[in-house]
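S.K.: Quick one: the structure is below, and I'll ask about it shortly.
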Amino acid sequence: MLQPFIYFFMEKAVQPVTPLADARDGARKILLDNNRGGYTIPSPRLYPFQWSWDSGFIALGLSYVDKTKAFDEIRSMFKGQWSNGMLPHINFHHVDENYFPGPDVWGTKECPWAPRKVATSGITQPPVFGFILRLMADRMTDDPEFIELLKEIYPSIVHFHRYLYENRDPYDEGLVYIHHNWESGTDNSPLWDEALDTIDVSSARDVSVLRRDLKTVDADQRPTNENYKRYIYLVDLFRSCNYSDKRIFERCPFLVQDVLFNSILIRSNEALIELSSLIGQDDSELRKWNQKSIAALNNKCWDEQTGFYYDFDLVQNKRIPVIVSNGLMPLFAGVCTPQQAEQLKHNLLSSFKNGDYLLCPSCAVDEPSFNPVKYWRGPVWINVNWMLYHGLKRYGLNEEAAIVKQTSINLVEQSGFYEYFDPRPGISNDKRGLGGNCFSWSAALYLDFLFNF
Ligand code: DGY
């Protein structure tokens, strides 16, 4: 029998605003409007395909709206899985010229592991599906259609995790690396600046005229053209390696063990272990992986002096000393001791809060690279807040969890279902919402915040 994910505590702190009468309906409508038949796009115009970690959060939100659509969402994502187990970060289920880089840039068709029926990108994203299914299981263990989905998808998720451990952990440490900043999901975080700066772009293509994102969102909220040169340099490199991880590892200037990515992997391993008895699966491989990963995350990424977790750059062989919200995610993975959790809480309430900033900025406010309006360099994200909320609750940090949850609810109810939000005090509600609008995971996780407590 699964123990439900229920945390008993009193929630207090940030005052709820008078909810927009139709915010729930608005969230449902966004999920349905962004559904393209079988899958859901993150945001109209800006992201017109199916993205992997978005799709996990969206499926959770859809499970409150239309169960069949939620199950289809997950099945559609796994249609893009490569035969070596890699789950790509984008499935291009249909043609749309409104996005760069599209399938022609990725050129994965020539790759022997890529699926034949759906065009995909050639990199991955955080492995969220284990914990997403685990959360659905809290409400659905008696539902035969859910059990059928679980039986079908569970082995594919394990295959994906096995791909990560076998291809992205060259020193058998238990920590997997990402080889593109887009694989982290936190695309433009200052975490990546130094590694990206090592790229010699003298022969890289200038792709500024090909970009479509700047037609929808202000340039000051998006990555620069110089950033894009480096992003596409890496894609071109992967393509020239025909997506062989071995070749990429030998040649890639960007190899980072990211705390967020590994925390999500650990959380999903744990979820799959918990789900294994429901469908009679052997969980011994998952237990082995997870034990190693938990120890490695604490040994390699934790810094006792500053009380924080840091990413590790495998090319430069050093930690990346930047305080961003990725470093709080071991709370979500449940790998911290109570003392470590207290230290993270201290950082959250000092470096990230800086007086009256809204929790939780994606980059600590006292970091020199902090920028309150730029993509992943300071704004609040609803999915980060959702993981942080669950992490804080896990450690009984209920007051802080309640602040993070109520802040998220207030943000979408007062400013709309944006992609990210300006965290500065004193900003008017109509100016807080940034990036894409009608953003699916903001709608999906808003519903989960309301219904799952
Ligand atoms: C983008 O285009 O900004 C995407 O997040 C990359 O996956």
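S.K.: Taking H placed 1.01 Å from N in the peptide plane, check which residues at least 5 places from F308 or on another chain put their amide H under 5 Å from its amide H.
M.R.: When sequence neighbours closer than 5 places are left aside, the close amide H contacts are D303.
S.K.: Estimate the FRET efficiency between K151 and E194 by the formula 1/(1 + (r/R0)^6), using the beta-carbon distance for r and 51 Å for R0, to the nearest 0.05.
M.R.: Values: r = 44 Å, r/R0 = 0.87.
Rounded to the nearest 0.05, the efficiency is 0.70.
S.K.: Further question: Need one word for the range 227-326: rounded, prolate or oblate. Basis is the Cα gyration tensor (sqrt eigenvalues a ≥ b ≥ c); a/c below 1.5 gives rounded, then a/b vs b/c decides. Kindly include the intermediate steps, with their values, before the conclusion.
M.R.: Working: a/c = 2.44, a/b = 1.32, b/c = 1.85.
It comes out oblate by the Cα gyration axes.
S.K.: How do 390-396, 201-207 rank on mean C-beta neighbours within 10 Å, highest first?
M.R.: Values: 390-396: 21.1, 201-207: 12.3.
In descending order of packing, they fall as 390-396, 201-207.
S.K.: For every helix of n ≥ 4 consecutive DSSP H residues, a contribution of -39,500 (n - 2.57) applies; sum these over the chain, divide by its total residues, and give [θ] at 222 nm rounded to the nearest 500 deg cm²/dmol.
M.R.: -13000 deg cm²/dmol
S.K.: Could you work out what % of the accessible surface of the range 146-190 is carbon and sulfur, using a 1.4 angstrom probe and leaving DNA, RNA and ligands out of the count?
M.R.: 42
S.K.: While we're on this one: How large is log10 I(q)/I(0) at q = 0.09, 0.11, 0.12 Å⁻¹ when the Debye formula is applied to the Cα atoms of the range 149-258, each weighted equally and without solvent?
M.R.: -0.30, -0.44, -0.52
S.K.: Now for a different question. Relative to the present Cα-Cα distance, how much length would full extension add between A219 and W113 at 0.36 nm per residue of separation? Working shown, then result.
M.R.: Values: separation 106, 0.36 × 106 = 38.16 nm, distance 3.60 nm.
Stretched fully, the A219-W113 segment lengthens by 34.6 nm.
S.K.: Among N398, W386, M136, pick out the residue whose Cα is farthest towards the positive end of the charge dipole of the chain, where Lys and Arg carry +1 and Asp and Glu carry -1 on C-beta, about the Cα centre.
M.R.: The listed residue farthest towards the positive side: M136.
S.K.: Could you compute the FRET efficiency for D282 and S244, with r as their C-beta to C-beta distance and R0 at 30 Å, rounded to 0.05?
M.R.: 0.50
S.K.: Among W82, A59, S43, which residue has its Cα positioned farthest towards the positive end of the charge dipole of the range 26-126, with +1 placed on the Cβ of Lys and Arg, -1 on the Cβ of Asp and Glu, and the dipole taken about the Cα centre?
M.R.: With unit charges placed on the Cβ atoms, the residue in question is A59.
S.K.: With labels modelled as points extended 7 Å from the Cα through the Cβ direction, what inter-label distance (nm, one decimal) is found for D25 paired with D206?
M.R.: For D25 paired with D206, the spin-label model returns 5.1 nm.
S.K.: Rounding to the nearest 20 debye, state how big the charge dipole of the range 197-280 is about its Cα centre with +1 on each Lys and Arg Cβ and -1 on each Asp and Glu Cβ. Don't skip to the end; give the middle numbers.
M.R.: Working: 12 positive and 13 negative charges, 75 e Å.
Here the size comes out at about 360 debye.
S.K.: Can you compute the charge dipole magnitude of the chain about its Cα centre, using +1 on each Lys and Arg Cβ and -1 on each Asp and Glu Cβ, nothing else charged? Give it in debye, rounded to the nearest 20.
M.R.: Dipole size: approximately 440 debye.
S.K.: With the other protein chains left in place, how much accessible area per residue, in square angstrom, belongs to the range 385-453 at a 1.4 angstrom probe? All intermediate terms of the calculation are to be shown ahead of the outcome.
M.R.: Numbers: 1850 Å² over 69 residues.
Accessible area per residue, the range 385-453: 27 Å².
S.K.: While we're on this one: Relative to the present Cα-Cα distance, how much length would full extension add between R319 and T68 at 0.36 nm per residue of separation? Could you put the intermediate results ahead of the total?
M.R.: Numbers: separation 251, 0.36 × 251 = 90.36 nm, distance 4.37 nm.
Fully extending the segment from R319 to T68 adds 86.0 nm.
S.K.: Once the piece of chain linking A295 and R162 is laid out straight, how much longer is it, given 0.36 nm per residue of separation minus the C-alpha distance between them? Please list the in-between numbers first.
M.R.: On the way: separation 133, 0.36 × 133 = 47.88 nm, distance 1.82 nm.
Result: 46.1 nm gained on full extension.
S.K.: Ok, one more. Counting only C-alpha contacts under 8 Å and six or more residues apart, can you give the relative contact order of the range 186-286 as a whole percent? Numbers along the way, then the final one.
M.R.: Details: 47 pairs, mean separation 23.9, N = 101.
Relative contact order here is 24 percent.
S.K.: What is the distance, in nm, between label points placed 7 Å from the Cα along the Cα-to-Cβ direction at S350 and at S428?
M.R.: Going from the S350 label point to the S428 one covers 3.6 nm.
S.K.: Checking the a/c ratio against 1.5 first, then a/b against b/c, what shape does the Cα gyration tensor give for the chain? Could the numbers behind the result be given before it?
M.R.: Working: a/c = 1.17, a/b = 1.09, b/c = 1.07.
In terms of gyration-tensor shape, rounded.
S.K.: With a sphere of radius 14 Å drawn around the Cβ of T120, what net charge do the other residues whose Cβ falls strictly inside it have (Lys, Arg +1; Asp, Glu -1)?
M.R.: Summing Lys/Arg as +1 and Asp/Glu as -1 gives +2.
S.K.: Okay, next question. Measure out, as a whole number of angstrom, how far apart the alpha-carbon centroids of the range 253-319 and the range 338-352 sit.
M.R.: 20
S.K.: Just to be sure I understand the model, the point goes 7 Å from the Cα along the line to the Cβ. What's the resulting L32 to S369 distance in nm?
M.R.: Between L32 and S369, the simple spin-label model gives 4.2 nm.
S.K.: Using Cα-Cα distances under 8 Å and only pairs 6 or more residues apart, what relative contact order does the chain have, in percent? Please list the in-between numbers first.
M.R.: Working: 817 pairs, mean separation 90.3, N = 453.
Worked out over the chain, it gives 20 percent.
S.K.: Right, here's the next one. Please give the FRET efficiency for T141 paired with D187, using the beta carbon to beta carbon distance and R0 = 35 Å, rounded to the nearest 0.05.
M.R.: On the way: r = 36 Å, r/R0 = 1.02.
It comes out at approximately 0.45.
S.K.: A further question follows. Taking Cα pairs under 8 Å and at least six residues apart, what relative contact order does the range 85-224 come out at, in percent?
M.R.: Value for the range 85-224: 27 percent.
S.K.: With +1 on each Lys and Arg Cβ and -1 on each Asp and Glu Cβ, how big is the dipole of the range 68-187 about its Cα centre, in debye rounded to the nearest 20? If you can, show how the numbers build up before the last one.
M.R.: Numbers: 11 positive and 18 negative charges, 52 e Å.
Computed about the Cα centre, the dipole is about 240 debye.
S.K.: Sticking with this one: Among the listed pairs K215/K353; K69/K292; K69/K353; K246/K318; K109/K229; K229/K431, give every one whose C-alpha distance is greater than 28 Å.
M.R.: Checking Cα-Cα distances, K215/K353; K69/K292; K69/K353; K229/K431 exceed 28 Å.
The values are calculated or read from the model by the stated rules, or taken from the named source; none is laboratory data. None of these values were measured; they are calculated from a predicted model. Positions of Cβ are backbone-derived with ideal geometry, glycine not excepted, and every protein chain shown enters the neighbour counts. Just the protein is used for accessible areas: all its heavy atoms, side chains included, with ligands, DNA and RNA removed. Shrake-Rupley method; radii C 1.70, N 1.55, O 1.52, S 1.80 Å.
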